[in-house]
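Below: the structure, in structure tokens.
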């Protein structure tokens, strides 16, 4: 019975063992990870299916081989093996495996020792993991990163090159208001070196006079307000700059600010020269004209002796031509002053009614000559006073009435009227003249523009009158416009805001 | 007879003014630049001065400034006869205490006479 039992047990044991062996074998065949089993001296004693596939060798070639021989760096492999024996297990050592035909395969090796039941080392498992794909992926990734970095670097260099060669001075700040770039022009303007101020805030820098002046000009803050500032520097030369601040926007986020220094010294100089020219031209041109005017006046007044009727008529014509020349020069001077932006000079409270009456008075001769009727429809109630430059408003009314008379037909009528509401005075000047051709209405306020029919009617106009009117009215905060019917007449309106 | 000094570098205007004012029975003295004008003012102590602004050697503004520093001259009334008529100039003239001013192209000799009479009355 006992013997029978033993027999049964040993049969059972054998069966189990067989099962285990089969299991191990199947597992080893299935396992995609290459595994070599080595003895304590490093000789390969077993390999699995995956190891054979990876190395391209069969087990007759592999078994009995020293394991380091299947790697390119044998020294490294030996060293690795020593470490395994010492610390029982080492993971993830990268090596290069030499497969059949000398093919080199990057691998990741982990190894772990085997022991018997007496705790003696009996060998070691080497798991060899093919990392070709990972390596490839890694390399392409690295390459991409490198390329991107290079692109970004190039872009940065390009931007820097642009900024550096910019003719305007430029200081770039990061979002903490620390200076990250000062281009050479700004270095020159401010008399500093980029490296002196880099990565500092303006308020942390001292001893740089021009930079301090810039900071003063900005109101001791570096902020984007959309405002333009003016900077005057004396060192090394007196120079004028327009300073603007703009945000540096990156992917819809403000990444910092930049200060742009625009040299307007030349513009200033030109302005000054222009003013000087205007003043000299005024003097030079007007001097002979006044002499002519005065001489003719004296002759006409009979101060030098009695004139015949015919002589007086000719001289009168000469006198009037001279007057036109004077008014032409006045117009040109006015335009020059408008363009200098200093046309409005002194604003005082004035009665518009008085201004109009004064202008009308001066025109009475001309009105009679053309057999016109000039009507001033005065408002029923007293008009509020308006704050205006009196001479300029006189000029507007003069110009509008001159046109209304000049372009009128003999026997026609000119009407001027004023009305007012809470906000403004509105003046209307209406004529029964030739009207403005439809095609030319858009350009009527343009400088030097004269309508076709106007040129035929009156050859001596300058084309400056309405340009001047528009500028004067708009400088007062008013509006000017017109309606016209060719052959029937034109009506101009302008408004002036009443004083609050 | 009242004495008037005309300081003006434009010969024609100078002649015309001289003629007109002589007819009105004034005693006329002339100068053709600011320096000469200032010297003559010191010499003759005129009752009124007609003064141009832009002139050789010494401009009108400087003449006024020099006169204002001189006790004997500073009370003499001045009428400016100028050409450009720019407001900046006129304002400066007023600051210097000038009695009246006129712009040559806007006036003729008769009106100058009227202004002179008004000052000397």
Pairwise centroid distance, computed over Cα atoms, of segment A:379-432 with segment B:52-121, Å:
34 Å
Using 7 Å Cα-to-Cβ label points, what is the residue A:438/residue A:180 separation (nm, one decimal)?
6.0 nm
Separation between the residue A:264 and residue A:370 pseudo-spin-labels, each 7 Å from Cα along Cα→Cβ, expressed in nm?
4.2 nm
Post the alpha-carbon centroid distance, segment A:1-77 to segment A:147-209, in whole angstrom.
68 Å
How far apart, in nanometres, would the label points at residue A:320 and residue B:99 be if each is projected 7 angstrom from Cα along the Cα-to-Cβ direction?
3.7 nm
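For segment A:162-304, what relative contact order do you get, as a whole percent, if you take Cα pairs closer than 8 Å and at least 6 residues apart? The partial results should precede the final answer.
On the way: 194 pairs, mean separation 27.6, N = 143.
About 19 percent, as a whole number.
Quick one: order A:423, B:55, A:325, A:428 by neighbouring beta-carbon count within 10 Å, fewest to most. Write down the numbers at each step before the final one.
Numbers: A:423 10, B:55 22, A:325 18, A:428 15.
By the 10 Å Cβ count, ascending, the order reads A:423, A:428, A:325, B:55.
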Chain A - mean residue ellipticity at 222 nm from DSSP helices (-39,500 (n - 2.57) per run, n ≥ 4, rounded to 500):
-15000 deg cm²/dmol
If one takes the longest principal axis of the Cα atoms in chain A, at what angle in degrees, from 0 to 90 and to the nearest 10, does the Cα axis of helix A:2-30 lie?
30 degrees
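Could you tell me the calculated FRET efficiency between residue A:378 and residue A:446, based on Cβ-Cβ distance and R0 = 30 angstrom, to the nearest 0.05?
Numbers: r = 33 Å, r/R0 = 1.11.
Efficiency, rounded to the nearest 0.05: 0.35.
Quote the relative contact order of chain A in percent (integer), defining contacts as alpha-carbon pairs under 8 Å separated by 6+ residues.
Numbers: 735 pairs, mean separation 34.2, N = 500.
The normalised contact order for chain A reaches 7 percent.
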For chain A, take the longest principal axis of its alpha carbons; what is the angle in degrees between that and the long axis of helix A:265-300, to the nearest 10 within 0 to 90?
10 degrees
What's the FRET efficiency of residue A:20 with residue A:72 using the Cβ-Cβ distance as r and R₀ = 51 Å, to the nearest 0.05?
0.85
Within a 10 angstrom radius of each residue's Cβ in A:292-298, how many Cβ atoms of other chains show up on average? Whole number is fine.
6
With the protein assembly as shown reduced to its Cα atoms and the Debye formula applied, log10 I(q)/I(0) at q = 0.09, 0.13 1/Å amounts to -1.00, -1.27
Provide a whole-number value for the mean count of partner chain Cβ atoms within 10 Å of the Cβ atoms in peptide B:98-107.
4
Gyration tensor (alpha-carbon) shape descriptor, segment A:31-130, a/c threshold 1.5
prolate
Peptide B:11-17 - average C-beta neighbours from other chains (10 Å radius):
4
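Given the rule -39500 (n - 2.57) for each run of at least 4 DSSP H residues, summed and divided by the residues of chain B, what is its mean residue ellipticity at 222 nm, to the nearest 500 deg cm²/dmol? Mind showing how you got there, number by number?
On the way: 5 runs with 54 residues, N = 121.
My calculation for chain B gives -13500 deg cm²/dmol from helical runs alone.
Between residue A:79 and residue A:150, what is the FRET efficiency for a Förster distance of 35 Å, r being their Cβ-Cβ separation, to the nearest 0.05?
With R0 = 35 Å, the Cβ-Cβ based efficiency is 0.40.
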With a 10 Å radius around each residue's Cβ, average the other Cβ atoms per peptide and rank B:43-53, A:36-46, A:141-151, highest first.
B:43-53, A:36-46, A:141-151
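Would you calculate the volume per residue, in Å³, of the smallest convex hull containing every Cα atom of segment B:7-107? Walk me through the numbers on the way to the answer.
On the way: hull volume 9.2 nm³, N = 101.
Value for segment B:7-107: 91 Å³ per residue.
Roughly speaking, what % of Cα-Cα pairs in segment A:268-339 are separated by over 21 Å, rounded to a whole number? Could you put the intermediate results ahead of the total?
Values: 1044 of 2556 pairs.
For segment A:268-339, the fraction of Cα-Cα distances above 21 Å is 41 percent.
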Using only the Cα atoms of segment A:166-263, what are the Rg and Dmax in Å?
12.5, 40
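So between residue A:223 and residue A:491, what do we pick up on full extension, going 0.36 nm a residue minus the alpha carbon distance? Intermediate values should be presented prior to the final figure.
Numbers: separation 268, 0.36 × 268 = 96.48 nm, distance 4.96 nm.
My answer for the length gained is 91.5 nm.
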Note the angle between two axes, namely the Cα long axis of helix A:74-87 and the longest principal axis of the Cα atoms of chain A, as a number of degrees from 0 to 90, rounded to the nearest 10.
70 degrees
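A short reminder: the numbers here are calculations on the coordinates, not readings from a lab. Remember, it's a predicted structure, so these values are computed and weren't measured experimentally. Cβ coordinates were reconstructed from backbone atoms using ideal geometry, including for glycine residues, and neighbour counts include every protein chain displayed.
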